[in-house]
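S.K.: Have a look at this one before I ask anything.
The values are calculated or read from the model by the stated rules, or taken from the named source; none is laboratory data. All values reported here derive from a predicted model rather than from experimental measurement. We place every Cβ from the backbone using ideal geometry, glycine too, and count neighbours over all the protein chains shown. Just the protein is used for accessible areas: all its heavy atoms, side chains included, with ligands, DNA and RNA removed. Shrake-Rupley method; radii C 1.70, N 1.55, O 1.52, S 1.80 Å.
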Amino acid sequence: MNTADLKPAGGTTAEDLGAVHLIGIGGVGMGGLARLLLTRGIPVSGSELREWPTLAALRALGGTVHMTHEASNLDGVDTVVYSTAIPFEHVELAEARRRGLRILHRSEALAAAMTGRRTIAVAGTHGKTTTTSIMTVVLQHAGEDPSFVIGGEISAAGSNGHHGSGSYFVAEADEHDKSFLIYRPHVAIITNIEGDHLNNWGDLDGLKAGFLEFAELTDPDGFVVTCADDEGVQELIAGLRAKGRTVYTYGESEGADLRITDVVTSVQGVRYQGWLDGKPLGEIVLALPGRLMGLNSAAAVLTALRLGLPLDKITEALASFPGVRRRFERKGTVAGVRVYDEYAYHPTSVKAALRTLREVAGDGRLVVVFQPYRVYRTRDLQAELAEGLAIADEVIVMEVFGPGETRGPGEGGVALTAAIELGDEHKIFVPSWEDVPAEVVRRSRPGDVVVTMGAPPISLMGDELLVALSES
């Protein structure tokens, strides 16, 4: 299916969709949309081939989950929703076309759910999920009860989608397939712009042009929030302001509208002094470590302040923020080995996450289990990925997770492993999922930190590692 053909929802609402069927309902993006629709009272069904952890919650909310992909799953359905990963010839898409059902890309269905709300759309190469989650929690603490769909679960809530009674709708806006261009946000947050998904954008200039187009889709009375420190957004800031659009910036740069100074990060979290338009806000604390986490929180703080939310509610929300699953998520400790899970797969995110985890490891070693995400990204960014992974003491590389992609000669996990500048005794390619736990047990010892990192399926590995460590 061609995302270039996608259209804004117009006046269509979620209720207009009738009974909705989501192909691949267990994925994070689809699961969040399903939760939103179910909590809005809309009949939802979906199909899956794997028993993802999210499915039990969807069933508890009244969703129907078929553990097969077949034409009969569409009986009683009005609208079929697909993602970019679903091929045109998929059996359920083909059946939907045959029956003449409404067929929508996930972003089109999400846009319909946004109708009538003041949408805060969060985009950027890194930090989308964390920033979207923090923004949601800030609005909740301020009593706004927003609707939201996030690319990860807020840890304490165990949810990545909800229909709220308030006027705000917070959503992650995905640039990888250009689908964020159908949203019409009141506020657009752009955390940063860096080369990624260039298979769809052509080059970095094309990607920057796409982000500029996204930013220009904000309401005339709305605004754009972005990072003053990020080199990739400078042209965007200048271009928008030249057209009379309202842009607010945050960061450590002196010219930022929300300037953060005295940034301190530790295992306990990150803290900094905030200054809005040159006036002190006091200390702001986020209970998650890492300088980039601090910047993500600053994006939400600036947005909330410009929306008129009270500072005390904002800082209270950040201090109590529970984190996001798969973002520096601690899975448990067994035999003195701490096991974490982290979604990072782009080199910049990999480096930032591993540097933070290196601090957490202290005197222990850092052991990484990395599942590369997408063949084209692993190929094009191999040198940068290898440089990031070399921050660790021990690296286990799995085969690339790339649904629908074909690996060419010399591509994939073997090539990435060879590129990592660690001794051969400290790195290994393990293509079989079943062999990874034993390799982790062999390489780890008390005091170490083990992190599973990369493509979505690897999130399921952490629990297996805890069991293997307990039995060793």
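S.K.: Identify the residue in the stretch 46-70 that is closer than 18 Å to Pro456 by Cβ and hydroxyl-bearing (Ser, Thr, Tyr) and, among all such residues, is modelled with the highest pLDDT.
M.R.: Looking at residues that are closer than 18 Å to Pro456 by Cβ and hydroxyl-bearing (Ser, Thr, Tyr), I get Ser47.
S.K.: Which pairs do you get when a residue that is free of Cβ contacts under 8 Å to residues at least 12 places away in the same chain, found in the stretch 110-123, comes within reach of a residue that is among the hydroxyl-bearing types (Ser, Thr, Tyr), reach meaning Cβ atoms under 8 angstrom, with the pair 6+ apart or on two chains?
M.R.: Filtered contacts from the stretch 110-123: no entries.
S.K.: May I pose another question? Just one of the numbered conditions (1) at negative phi; (2) touching a Phe, Trp or Tyr at 6+ places or on another chain (Cβ under 9 Å); (3) charged (D, E, K, R) is not true of Arg374; which one?
M.R.: Condition not satisfied by Arg374: (1).
S.K.: For the stretch 292-319, which positions are hydroxyl-bearing (Ser, Thr, Tyr) and open to solvent by 10 Å² or more (accessible area, probe 1.4 Å)? Quick ask: steps written out before the conclusion?
M.R.: At the first step, the residues of the stretch 292-319 found to be hydroxyl-bearing (Ser, Thr, Tyr) are 297, 303, 315.
Selection gives Thr315 alone.
S.K.: Hey, can you tell me all the residues within the stretch 262-305 that are in contact with a Lys or Arg (Cβ under 9 Å, 6 or more places away or on another chain) and of a type in the set (Val, Ile, Thr)?
M.R.: Matches in the stretch 262-305: Val263, Val264, Thr265, Val270, Ile284, Val285.
S.K.: Looking at (1) farther than 21 Å from Ile120 by Cα; (2) modelled with pLDDT under 85, can you tell me which one Val337 breaks?
M.R.: (2)
S.K.: Next question, about the same structure. Look at the stretch 442-472 and say how many of its residues are outside any helix (DSSP H, G or I), at pLDDT 90 or above and surrounded by fewer than 16 Cβ atoms within 10 Å (Cβ to Cβ).
M.R.: 3
S.K.: Now, a different point. Please work out which one of (1) crowded, with 22+ Cβ neighbours inside 10 Å; (2) more than 20 Å from Phe223 (Cα to Cα); (3) within 23 Å of the chain's Cα centre (by Cα); (4) of a type outside the set (Ser, Thr, Tyr) is the condition Leu139 fails and give its number.
M.R.: Single failed check for Leu139: (2).
S.K.: While we're looking at this one, here's another question. Which of the residues spanning the stretch 23-39 are of a type in the set (D, E, K, R) and in contact with a helix residue (DSSP H, G or I) (Cβ under 6 Å, 6 or more places away or on another chain)?
M.R.: Restricting attention to the stretch 23-39, the residues satisfying the condition of being of a type in the set (D, E, K, R) are 35.
Of everything in the stretch 23-39, nothing turns out to be of a type in the set (D, E, K, R) and in contact with a helix residue (DSSP H, G or I) (Cβ under 6 Å, 6 or more places away or on another chain).
S.K.: Test each condition in (1) of a type outside the set (Val, Ile, Thr); (2) at pLDDT 95 or above; (3) surrounded by fewer than 21 Cβ atoms within 10 Å (Cβ to Cβ) for Glu89 and report the one that comes out false.
M.R.: (2)
S.K.: How do the strands (runs of 3 or more DSSP E) wholly within the stretch 14-104 filter down when requiring 3 or more residues that are farther than 21 Å from Glu172 by Cα and in contact (Cβ under 8 Å) with a residue 60 or more places away in the chain: which remain?
M.R.: So the answer is none; nothing clears 3.
S.K.: Before we move on, is Phe328 at pLDDT 85 or above, among the aromatic types (Phe, Trp, Tyr) and touching a strand residue (DSSP E or B) at 6+ places or on another chain (Cβ under 7 Å)? Spell out the reasoning first.
M.R.: Details: at pLDDT 85 or above: no; among the aromatic types (Phe, Trp, Tyr): yes; touching a strand residue (DSSP E or B) at 6+ places or on another chain (Cβ under 7 Å): yes.
Taking the combined requirement at face value, the residue does not satisfy it.
S.K.: Within the stretch 248-255, is there a residue that is touching an Asp or Glu at 6+ places or on another chain (Cβ under 7 Å), free of Cβ contacts under 8 Å to residues at least 60 places away in the same chain and surrounded by fewer than 20 Cβ atoms within 10 Å (Cβ to Cβ)?
M.R.: Of all residues in the stretch 248-255, those touching an Asp or Glu at 6+ places or on another chain (Cβ under 7 Å) come to 248-253.
Narrowing the set further to residues that are free of Cβ contacts under 8 Å to residues at least 60 places away in the same chain leaves 248-253.
Then drop every residue that is not surrounded by fewer than 20 Cβ atoms within 10 Å (Cβ to Cβ), which leaves 252-253.
Scanning the stretch 248-255 turns up at least one residue that is touching an Asp or Glu at 6+ places or on another chain (Cβ under 7 Å), free of Cβ contacts under 8 Å to residues at least 60 places away in the same chain and surrounded by fewer than 20 Cβ atoms within 10 Å (Cβ to Cβ).
S.K.: Right, next: Which residues, taken from the stretch 413-440, are assigned to a loop (DSSP other than H, G, I, E, B), open to solvent by less than 30 Å² (accessible area, probe 1.4 Å) and under 12 Å from Ala386 (Cα atoms)?
M.R.: The answer is Ile420, and nothing else.
S.K.: Continuing with the same structure: Give the residues of the stretch 265-295 that are of a type in the set (S, T, N, Q) and touching a Leu at 6+ places or on another chain (Cβ under 8 Å), sorted by residue number. Steps first, answer last, please.
M.R.: Within the stretch 265-295, the subset of a type in the set (S, T, N, Q) is 265-266, 268, 273.
Gln273, the sole residue that qualifies.
S.K.: Within the stretch 16-29, which residues are at pLDDT 90 or above and either open to solvent by 50 Å² or more (accessible area, probe 1.4 Å) or touching a Gly at 6+ places or on another chain (Cβ under 8 Å) (or both)?
M.R.: Initial filter on the stretch 16-29 (at pLDDT 90 or above): 16-25.
Once the filter is applied, which keeps residues that are at pLDDT 90 or above and either open to solvent by 50 Å² or more (accessible area, probe 1.4 Å) or touching a Gly at 6+ places or on another chain (Cβ under 8 Å) (or both), the stretch 16-29 yields Asp16, Ala19, His21, Leu22, Ile23, Gly24, Ile25.
S.K.: While we're on this one: For the stretch 92-104, state whether one or more residues are under 30 Å from Met461 (Cα atoms), surrounded by 14 or more Cβ atoms within 10 Å (Cβ to Cβ) and of a type in the set (A, V, I, L, M). Steps first, answer last, please.
M.R.: Residues of the stretch 92-104 under 30 Å from Met461 (Cα atoms): 92.
If we keep only those that are surrounded by 14 or more Cβ atoms within 10 Å (Cβ to Cβ) too, we end up with 92.
Right, trim to of a type in the set (A, V, I, L, M) and you get none.
The answer is no, given that none of the residues of the stretch 92-104 is under 30 Å from Met461 (Cα atoms), surrounded by 14 or more Cβ atoms within 10 Å (Cβ to Cβ) and of a type in the set (A, V, I, L, M).
S.K.: Just one of the numbered conditions (1) in contact with a strand residue (DSSP E or B) (Cβ under 8 Å, 6 or more places away or on another chain); (2) touching a residue at least 40 places away in the same chain (Cβ under 8 Å) is not true of Val285; which one?
M.R.: Among (1) in contact with a strand residue (DSSP E or B) (Cβ under 8 Å, 6 or more places away or on another chain); (2) touching a residue at least 40 places away in the same chain (Cβ under 8 Å), the lone unmet condition for Val285 is (2).
S.K.: Would you please name the residue that is surrounded by the most Cβ atoms within 10 Å (Cβ to Cβ), looking only at residues in the stretch 345-369 that are under 17 Å from the mean Cα position of the chain (by Cα) and farther than 19 Å from Thr265 by Cα?
M.R.: So in the stretch 345-369, the residues under 17 Å from the mean Cα position of the chain (by Cα) come out as 345-353.
Within this subset, residues satisfying the condition of being farther than 19 Å from Thr265 by Cα are 345-347.
On the way: Tyr345: 24, His346: 21, Pro347: 21.
If we take residues in the stretch 345-369 being under 17 Å from the mean Cα position of the chain (by Cα) and farther than 19 Å from Thr265 by Cα, then Tyr345 is surrounded by the most Cβ atoms within 10 Å (Cβ to Cβ).
S.K.: Would you mind stating whether Pro409 is open to solvent by 20 Å² or more (accessible area, probe 1.4 Å), more than 29 Å from Gly362 (Cβ to Cβ) and assigned to a loop (DSSP other than H, G, I, E, B)?
M.R.: Numbers: open to solvent by 20 Å² or more (accessible area, probe 1.4 Å): yes; more than 29 Å from Gly362 (Cβ to Cβ): yes; assigned to a loop (DSSP other than H, G, I, E, B): yes.
Here the answer is yes, as Pro409 does meet what is asked.
S.K.: Then there is this: Taking Gly151 as the residue in question, decide whether it is part of a loop (DSSP other than H, G, I, E, B) and either within 29 Å of Phe321 (Cβ to Cβ) or under 16 Å from the mean Cα position of the chain (by Cα) (or both).
M.R.: Numbers: part of a loop (DSSP other than H, G, I, E, B): no; either within 29 Å of Phe321 (Cβ to Cβ) or under 16 Å from the mean Cα position of the chain (by Cα) (or both): yes.
The answer is no for Gly151.
S.K.: Do we have Ala171 as farther than 30 Å from Glu231 by Cα, touching a Leu at 6+ places or on another chain (Cβ under 8 Å) and open to solvent by less than 30 Å² (accessible area, probe 1.4 Å) here?
M.R.: Here the answer is no, as Ala171 does not meet what is asked.
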